[in-house]
There are 6 protein chains.
Amino acid sequence: MATVSLLSDEQLTPEARAVFDDIRAVRGAEFVNNFWRALAHDPALLRATWERLKVVMAPGALDPLVKEMLYVAVSASNGCEYCAHSHTASARAKGMTPEMYGELLAVLGMANQTNALASALQVPVDDAFKE
Amino acid sequence: MATVSLLSDEQLTPEARAVFDDIRAVRGAEFVNNFWRALAHDPALLRATWERLKVVMAPGALDPLVKEMLYVAVSASNGCEYCAHSHTASARAKGMTPEMYGELLAVLGMANQTNALASALQVPVDDAFKE
Amino acid sequence: MATVSLLSDEQLTPEARAVFDDIRAVRGAEFVNNFWRALAHDPALLRATWERLKVVMAPGALDPLVKEMLYVAVSASNGCEYCAHSHTASARAKGMTPEMYGELLAVLGMANQTNALASALQVPVDDAFKE
Amino acid sequence: MATVSLLSDEQLTPEARAVFDDIRAVRGAEFVNNFWRALAHDPALLRATWERLKVVMAPGALDPLVKEMLYVAVSASNGCEYCAHSHTASARAKGMTPEMYGELLAVLGMANQTNALASALQVPVDDAFKE
Amino acid sequence: MATVSLLSDEQLTPEARAVFDDIRAVRGAEFVNNFWRALAHDPALLRATWERLKVVMAPGALDPLVKEMLYVAVSASNGCEYCAHSHTASARAKGMTPEMYGELLAVLGMANQTNALASALQVPVDDAFKE
Amino acid sequence: MATVSLLSDEQLTPEARAVFDDIRAVRGAEFVNNFWRALAHDPALLRATWERLKVVMAPGALDPLVKEMLYVAVSASNGCEYCAHSHTASARAKGMTPEMYGELLAVLGMANQTNALASALQVPVDDAFKE
């Protein structure tokens with residue numbers, strides 16, 4: 001039902017296969033999800049996307065769970081079905097509890113509400129907020 | 001430049017004034033930003049929005065800084081100028097360092113990128129991600 | 001500050017001028033707003049947009065004020081600064097009171113909030129809602 | 001297929017059950033749709049969302065059908081599948097005829113079209129539209 | 001699963017039938033896709049949409065394949081499932097190769113990424129970019 | 001007015017300076033626009049964004065002008081003021097004529113219109129469009 005077929009491991013080019021090997025190594029899991037199987041038709045795009053994702057989601061000044069929750073919030077605001085599912089699952093795997101998820105949803109709802117109000121009212125930015 | 005005038009303290013109805021008093025008490029600051037001054041034309045909407053925001057952004061399973069960063073991420077994805085400014089300022093006031101902001105931006109950019117790719121490709125949700 | 005210059009009446013091609021004449025006749029006003037002055041660089045696009053808008057916004061099963069409020073709600077959800085301003089002004093000209101605007105904002109905020117929640121949760125559509 | 005299970009009446013906590021009772025009482029119907037069954041995992045979020053929705057959608061300066069049509073327009077602009085279905089069904093239950101729906105769709109399409117044009121052209125707001 | 005039934009040829013009004021005849025003539029194909037079958041409930045909206053689409057997508061200063069790829073990019077950014085599928089199919093029918101599609105996806109992802117960054121940072125427009 | 005200061009050349013770290021040098025070399029111009037001056041606070045994010053953009057926008061199966069027009073269309077749909085300005089300027093620098101821009105706007109408007117209609121109607125994808 002994607003706009004391209006989802007490639008099985010056997011259908012991968014060697015370049016795509018190398019990316020899949022790295023995904024498996026970094027995640028410590030055999031499972032490679034459909035997003036990568038769709039992107040694998042273009043090995044250069046697959047590689048660039050994975051290499052960047054690996055860096056961005058690694059521990060840093062923010063911990064990986066916070067990063068994953070940010071990803072969920074953005075994905076829901078954008079209405080991306082696949083992304084909402086995959087990143088909610090990832091956030092849970094990284095320790096998101098039902099209480100944390102409930103609060104994430106509350107902030108998400110509130111932000112979308114006040115974003116719409118501010119856009120409708122076209123509120124001018126306070127001088128105090130300007131850099 | 002808003003679609004309504006921004007009300008000064010002197011122009012507030014008693015009901016709106018009571019909400020402003022609470023904003024000041026909760027925040028421990030005299031400053032009340034333009035968003036509330038625009039909403040104050042409709043005291044019931046002002047009150048409902050503030051009362052809910054106060055609950056949603058309070059400490060809980062997620063700490064207030066994480067909540068504020070979620071708010072920034074959603075606001076930027078929605079392209080809300082006012083909200084990007086006000087919530088970035090709030091996140092900084094709650095301790096967001098330049099390093100944390102840089103990582104938030106990186107996750108935000110990545111999420112919007114892969115959301116668009118998943119939407120273009122219409123990737124079907126993996127069974128493993130379904131509840 | 002637009003990506004094109006805003007054409008004055010003197011700069012219009014005859015085809016664009018004819019559209020401006022019709023805008024003035026239909027609205028019964030001399031004022032032609034900037035949106036049309038930007039579109040006037042492409043008279044065919046100008047004409048097609050105006051001709052369709054004229055039909056869509058005319059009285060029908062919905063009255064023009066309801067149509068204008070729908071326009072405001074969509075424009076705010078999309079974060080369009082120009083459109084929020086111009087259609088809020090039009091709605092007022094057609095009779096939108098402060099009370100009506102307050103309720104429109106409340107519905108707008110609520111809809112954006114629950115849209116985000118439904119997208120985050122990926123709630124499946126009830127059979128009862130299917131045609 | 002939601003990111004959480006849909007709770008049956010038997011699975012509700014007492015607090016969530018009380019909200020469901022109120023939904024049934026207000027609507028005068030036994031049916032409680034999936035959105036609430038997903039939210040019920042977080043009774044506080046369920047209650048806050050329902051209590052606000054009840055107030056916002058009640059008759060006021062705008063009649064409930066106009067409010068429901070505003071909801072449909074926002075939901076469609078945001079691309080929310082669940083919301084498009086549920087609020088279109090609600091609008092019909094409140095009296096939206098096929099003619100009204102057709103005009104709503106026409107305004108929705110027009111607004112999204114001109115929003116995009118104004119954003120592409122970055123048309124500056126006319127002084128006449130400023131408050 | 002649409003919010004309206006999809007009309008078969010037998011269910012069309014004469015006005016809707018005339019539009020279907022023109023769709024078939026212009027495309028040189030018997031197949032009429034579901035979008036038109038849903039719109040056909042409102043023959044005036046059906047006609048206006050088709051007549052405009054026919055003009056907009058015709059060869060001009062941009063070739064039809066470029067126009068179709070622009071359509072795919074917008075549809076994916078908007079998260080429109082139906083549109084992503086239908087316009088990707090159309091683009092392929094007009095000659096979009098896998099290499100072209102891969103590059104389109106790369107630009108789409110990049111644009112959504114930098115759009116989000118510019119919105120988060122609220123970067124002021126350089127004087128050099130102003131008309 | 002950005003959420004961060006715009007760094008002058010003198011304020012750059014050596015790593016950021018190296019990226020600016022490459023931007024200037026690739027573009028054959030001294031001018032470095034504000035987007036990069038805002039991103040330069042985080043040299044790693046600056047580098048990653050620039051390195052990827054350089055690859056994505058290079059000539060390939062699609063020519064650079066088509067890529068730039070795709071960028072404009074996405075930016076306008078997302079309502080990004082900065083991006084609409086900067087990429088429209090880039091498209092013109094790469095040869096976009098007023099006629100091409102007019103057609104791009106027409107497709108952009110049409111796509112946003114039919115995206116909204118398809119989302120409102122929740123049209124099911126035709127089997128013929130499935131991969």
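All but one of (1) assigned by TED's automatic domain parsing to the domain that holds D:THR13; (2) surrounded by fewer than 24 Cβ atoms within 10 Å (Cβ to Cβ) hold for D:SER90; state the number of the condition that does not hold.
Only one criterion is unmet by D:SER90, namely (1).
Can you tell me which residues in the range F:65-75 are more than 7 Å from every other protein chain (Cβ to nearest Cβ) and among the charged types (D, E, K, R)?
F:GLU68
Tell me, yes or no, whether the range A:76-97 has at least one residue that is within 13 Å of chain D (Cβ to nearest Cβ), modelled with pLDDT of 95 or more and in contact with a Pro (Cβ under 8 Å, 6 or more places away or on another chain).
Yes, there is a match, as at least one residue in the range A:76-97 is within 13 Å of chain D (Cβ to nearest Cβ), modelled with pLDDT of 95 or more and in contact with a Pro (Cβ under 8 Å, 6 or more places away or on another chain).
Go through D:VAL66, D:VAL4, D:VAL55 for me and flag whichever is out of contact with any strand residue (DSSP E or B) (no Cβ under 6 Å at 6 or more places or on another chain), closer than 25 Å to B:ARG47 by Cβ and open to solvent by less than 20 Å² (accessible area, probe 1.4 Å). Spell out the reasoning first.
On the way: D:VAL4 fails: closer than 25 Å to B:ARG47 by Cβ; D:VAL55 fails: open to solvent by less than 20 Å² (accessible area, probe 1.4 Å).
It is D:VAL66.
Return a yes/no flag: does the range E:31-52 have any residue that is open to solvent by 30 Å² or more (accessible area, probe 1.4 Å), modelled with pLDDT of 95 or more, under 18 Å from the mean Cα position of the chain (by Cα) and closer than 28 Å to C:VAL125 by Cα.
yes
Tell me, which residue of the range F:20-30 that is more than 22 Å from E:GLN113 (Cβ to Cβ) and either among the aliphatic types (A, V, I, L, M) or touching a Lys or Arg at 6+ places or on another chain (Cβ under 9 Å) (or both) is surrounded by the fewest Cβ atoms within 10 Å (Cβ to Cβ)? Step through it out loud before you land on a result.
First pass over the range F:20-30, keeping only residues more than 22 Å from E:GLN113 (Cβ to Cβ): F:21, F:24-25, F:28-30.
Those left that are additionally either among the aliphatic types (A, V, I, L, M) or touching a Lys or Arg at 6+ places or on another chain (Cβ under 9 Å) (or both): F:25, F:29-30.
Numbers: F:ALA25: 9, F:ALA29: 11, F:GLU30: 7.
Among them, the one singled out is F:GLU30.
Residues being without any contact (Cβ under 8 Å) to a residue 24 or more places away in the chain and in contact with a helix residue (DSSP H, G or I) (Cβ under 6 Å, 6 or more places away or on another chain): count how many of those fall in the range D:89-103. Talk me through it step by step, then tell me what you get.
Looking only at the range D:89-103, we keep the residues that are without any contact (Cβ under 8 Å) to a residue 24 or more places away in the chain, and these are D:89-90, D:92-93, D:97-99, D:101-103.
The next check asks that each one be in contact with a helix residue (DSSP H, G or I) (Cβ under 6 Å, 6 or more places away or on another chain); those that pass are D:89-90, D:102.
The total comes to 3.
Run E:PHE129 past the list (1) open to solvent by 10 Å² or more (accessible area, probe 1.4 Å); (2) under 12 Å from the mean Cα position of the chain (by Cα); (3) among the aromatic types (Phe, Trp, Tyr) and report the number of the one that doesn't hold.
Only one criterion is unmet by E:PHE129, namely (2).
Does the range D:39-53 include one or more residues that are farther than 27 Å from A:PRO98 by Cβ, out of contact with any Phe, Trp or Tyr (no Cβ under 9 Å at 6 or more places or on another chain) and of a type in the set (A, V, I, L, M, F, W, C)? Let's see the steps before the verdict.
Taking the range D:39-53 as the starting set, the residues that turn out to be farther than 27 Å from A:PRO98 by Cβ are none.
No, the range D:39-53 contains no residue that is farther than 27 Å from A:PRO98 by Cβ, out of contact with any Phe, Trp or Tyr (no Cβ under 9 Å at 6 or more places or on another chain) and of a type in the set (A, V, I, L, M, F, W, C).
Confirm whether D:ARG17 is more than 23 Å from C:ALA116 (Cβ to Cβ) and outside the structural domain of D:CYS83 (by TED's automatic domain parsing). Lay out the reasoning, then the answer.
Numbers: more than 23 Å from C:ALA116 (Cβ to Cβ): yes; outside the structural domain of D:CYS83 (by TED's automatic domain parsing): yes.
Considered against the rule, which asks whether it is more than 23 Å from C:ALA116 (Cβ to Cβ) and outside the structural domain of D:CYS83 (by TED's automatic domain parsing), D:ARG17 comes out as yes.
Restricting the first residue to the range A:104-131 and requiring it to be at negative phi and not assigned by TED's automatic domain parsing to the domain that holds A:VAL72, which pairs with a second residue that is among the basic types (Lys, Arg) and in a helix (DSSP H, G or I) meet a Cβ separation below 8 Å and a spacing of at least six or different chains?
none
Report, by residue number, each residue of the range E:2-35 that is β-branched (Val, Ile, Thr) and either within 14 Å of another protein chain (Cβ to nearest Cβ) or within 19 Å of D:GLY109 (Cβ to Cβ) (or both).
From the range E:2-35, those β-branched (Val, Ile, Thr) are E:3-4, E:13, E:19, E:23, E:26, E:32; that's our starting set.
Those that are β-branched (Val, Ile, Thr) and either within 14 Å of another protein chain (Cβ to nearest Cβ) or within 19 Å of D:GLY109 (Cβ to Cβ) (or both): E:THR3, E:VAL4, E:THR13, E:VAL19, E:ILE23, E:VAL32.
With (1) modelled with pLDDT of 95 or more; (2) part of a helix (DSSP H, G or I) as the list, and C:ALA128 as the residue in question, which single condition is left unmet?
For C:ALA128, the failing item is (1).
In the range A:68-88, how many residues are within 9 Å of the chain's Cα centre (by Cα) and without any contact (Cβ under 8 Å) to a residue 12 or more places away in the chain?
Residues in the range A:68-88 being within 9 Å of the chain's Cα centre (by Cα) and without any contact (Cβ under 8 Å) to a residue 12 or more places away in the chain: 2 in total.
Among the residues of the range D:98-123, write down those that are hydroxyl-bearing (Ser, Thr, Tyr), under 12 Å from F:ALA120 (Cβ atoms) and more than 10 Å from chain E (Cβ to nearest Cβ). Break it down into steps so the answer makes sense when it comes.
So in the range D:98-123, the residues hydroxyl-bearing (Ser, Thr, Tyr) come out as D:101, D:114, D:119.
After this cut, where a residue has to be under 12 Å from F:ALA120 (Cβ atoms) as well, the list is D:101.
None; the set is empty.
Taking the range D:103-125 only, how many residues are assigned to a helix (DSSP H, G or I) and farther than 16 Å from F:TYR101 by Cβ? Spell out the reasoning first.
From the range D:103-125, those assigned to a helix (DSSP H, G or I) are D:103-121; that's our starting set.
If we keep only those that are farther than 16 Å from F:TYR101 by Cβ too, we end up with D:103-115.
Count: 13.
What pairs can you find where one residue is in the range B:36-64 and away from chain C (no Cβ under 13 Å), the other is surrounded by 20 or more Cβ atoms within 10 Å (Cβ to Cβ) and basic (Lys, Arg), and their Cβ atoms are less than 6 Å apart, with a gap of 6+ or different chains?
So the pair list comes out as B:MET57/B:LYS67.
Out of the range F:69-81, which residues are open to solvent by 10 Å² or more (accessible area, probe 1.4 Å) and either in contact with a Phe, Trp or Tyr (Cβ under 6 Å, 6 or more places away or on another chain) or of a type in the set (Ser, Thr, Tyr) (or both)? Quick ask: steps written out before the conclusion?
Step one: of the range F:69-81, the residues open to solvent by 10 Å² or more (accessible area, probe 1.4 Å) are F:77-79, F:81.
The one that is open to solvent by 10 Å² or more (accessible area, probe 1.4 Å) and either in contact with a Phe, Trp or Tyr (Cβ under 6 Å, 6 or more places away or on another chain) or of a type in the set (Ser, Thr, Tyr) (or both): F:SER77.
The values are calculated or read from the model by the stated rules, or taken from the named source; none is laboratory data. Small disclaimer: the values here were computed from a predicted structure and weren't measured. Cβ atoms come from the backbone with ideal geometry, glycine included; neighbour counts cover every protein chain shown. These accessible areas exclude ligands, DNA and RNA; they are computed on the full protein's heavy atoms, side chains included. Shrake-Rupley method; radii C 1.70, N 1.55, O 1.52, S 1.80 Å.
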